[in-house]
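Taken together, the values in this text are just the output of simple stated rules run on the coordinates, not laboratory data. Quantities reported herein were computed from a predicted structural model and do not represent experimental measurements.
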Amino acid sequence: MSHLGKTELIFIQPAAKVNCVYCCDEVLAKGLLPVTRRLSGNDFTFQQDAAPSHQSKHTVAYLKTNVPSFIQPSNWPPNSPDLNLVDYSIWGALQQLVYRWKIRDLEHLKEVLQDCWTMISQDSVDSAIDQFSKRLTLFIRAQGGHIEHRHELGLIRRTRIVIKLCSILKN
């Protein structure tokens, strides 16, 4: 995700072992990177969380070779969902939309996820991205502790998300 748009959802194959090879060959090479390049050309910085398959030597070597810029695992705080816009904003919005459905089976879940993903507006993504600097400042003040409970984030962001979700659900 970026100010330029959202990538498509990437679904992991059933029973797949999500190790560094699967992450590079399937998720990155066949999924995220082609879509990211369509959105931004080759002008982007790639960010991941600290999942083991993301921080492996194999994945880091793959990223060094295949992306213009990325945040090395050593430069990203471990266990930091407060700094990952997908974790602190987007998954919660997606979850709220998906929970309104009675899911019949795995294929139906994929369809619902894709439909709900399209409902999340670029404005919501932009708002989450625009919170990053403030969140980073709070994270530093909290000395790496969780910040979601901190008052400085204010109710404004939460209110905007709730209003956007309500308007989506009404339509």
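Some observations on this one:
- Shape of segment 1-129, Cα gyration tensor, a/c cut at 1.5: prolate
- With a threshold of 27 Å on the Cα-Cα distance, the over-threshold entries among Lys17/Lys134; Lys30/Lys134; Lys30/Lys64; Lys30/Lys110; Lys6/Lys134 are Lys17/Lys134; Lys30/Lys134.
- Shown in residue order for segment 118-130 are the 3J(HN,Hα) couplings computed by the Karplus curve 6.51 cos²θ - 1.76 cosθ + 1.60 at θ = phi - 60°: 5, 6, 6, 6, 5, 4, 5, 5, 4, 4, 5, 4, 5 Hz (x for Gly and Pro).
- Computed over segment 20-75, relative contact order equals 43 percent, with contacts defined as Cα pairs under 8 Å that lie 6+ residues apart.
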